[in-house]
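The values are calculated or read from the model by the stated rules, or taken from the named source; none is laboratory data. This is a predicted model, so every value here is computed, not measured. SASA here: full protein model, heavy atoms, side chains in, ligands and nucleic acids out. Shrake-Rupley method; radii C 1.70, N 1.55, O 1.52, S 1.80 Å.
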Amino acid sequence: MKKIFILACIVIVTIGLLYALTHYIKMDGFSFAFALNFMLMTCALTFTETLKSPLNSSYFSEKSWEKKGKIYESLGINMYRTLLVKIGWEKLNKKSKPVEKNTEALTNLYYRTKQDELGHLMIMLIVLGFTVFVAYKFGILRSLWLLVLNILLNIYPIFLQRYNRPRIARAIILSKRRS
């Protein structure tokens, strides 16, 4: 019951923050798109950390059409990973969540990919809603920052989680064999 109350509070605070953001920043510019994405990242992270669901849905399983990540490679996931390294995101991320080479740490990393994917999926859908609204109200060109940042900050991170998860699963199997 306490967990449901906290999750409801997170949703209510998120709605309040969305209202404040739309009230104080024009919705058709870069600053709104940037602030919206990072505010939602904070709220989504808080939500998924509180939820602590096992995330056992078949949605998180590798699909046959993903062809062991080939689809993501053709969409430029390796360039995106290189970009993350060059801007320092990987170093920052590994500093806060270091990866150890044992089965427990790999299992935790596997779960984190699901948790991160869920967060980015929620954000992507909310930002997509804002993108459609801004395109309708202000024109398609005014919604481009929302679209571009949604691709860079949510869609590609989803691709990255889906690309990495099967590799982590194989590493877990190898780690268990060694133990």
(message) What figure, in Å² to the nearest 10, do you get for the accessible area of His23 with a 1.4 Å probe and non-protein molecules left out?
(response) 110
(message) Let me understand the chain better: what is its radius of gyration from the alpha carbons, and its Dmax, in angstrom?
(response) 17.9, 59
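Relative contact order for the range 100-179: what percent, with Cα pairs under 8 Å and sequence separation of 6 or more?
Taking the mean separation of contacting Cα pairs over the length of the range 100-179, I get 45 percent.
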(message) Please report the accessible area of Glu62 (heavy atoms, 1.4 Å probe, ligands and nucleic acids excluded) in Å², nearest 10.
(response) 80
(request) Between Ile158, Ile15, Ile123, find the one with the highest GNM mean-square fluctuation for the chain; connect C-alpha pairs within less than 10 Å. (result) Ile15
(message) Leaving ligands and nucleic acids out of the surface, order Ser179, Ser74 by accessible area at 1.4 Å, largest first.
(response) Ser179, Ser74
(message) Give me the tail of P(r) for the range 80-179 as a percent: Cα-Cα pairs with distance above 22 Å.
(response) 43
(request) May I ask you to list the aspartates and glutamates whose Cα is less than 19 Å away from that of Lys63, ignoring any residue fewer than eight positions away on the same chain? (result) Glu73, Asp116, Glu117
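With the cut-off at 29 Å, tell me which of the pairs Lys70/Lys101; Lys3/Lys91; Lys26/Lys86 have Cα atoms farther apart than that. The partial results should precede the final answer.
Working: Lys70/Lys101 26 Å; Lys3/Lys91 32 Å; Lys26/Lys86 31 Å.
As for pairs spanning more than 29 Å Cα to Cα, those are Lys3/Lys91; Lys26/Lys86.
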(request) Specify the residue with the greatest mean-square fluctuation among Asn78, Asn37, Asn150, computed from a Gaussian network of the chain linking alpha-carbon atoms under 10 Å apart. (result) Asn78
(request) Compute, for Ile151, the solvent-accessible surface of its heavy atoms (probe 1.4 Å) with the complete set of protein chains present, and express it in square angstrom to the nearest 10. (result) 60
(request) State the Cα centre-to-centre distance between the range 115-170 and the range 67-87 in whole Å. (result) 15
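How much accessible area per residue does the range 1-89 have, counting only protein heavy atoms and a probe of 1.4 Å, in square angstrom? Present the calculation step by step, with values, prior to reporting the outcome.
Details: 5940 Å² over 89 residues.
Dividing the accessible area of the range 1-89 by its residue count gives 67 Å².
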(request) Would you rank Phe60, Phe47 by solvent-accessible area, highest first, keeping every protein chain in place and using a 1.4 Å probe? (result) Phe47, Phe60
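Relative to the present Cα-Cα distance, how much length would full extension add between Leu7 and Met79 at 0.36 nm per residue of separation?
On the way: separation 72, 0.36 × 72 = 25.92 nm, distance 3.59 nm.
Using 0.36 nm per residue and subtracting the Cα-Cα distance, I get 22.3 nm.
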(request) Leaving ligands, DNA and RNA out of it, report the carbon-plus-sulfur percent of the accessible area of the chain at a 1.4 Å probe. (result) 69
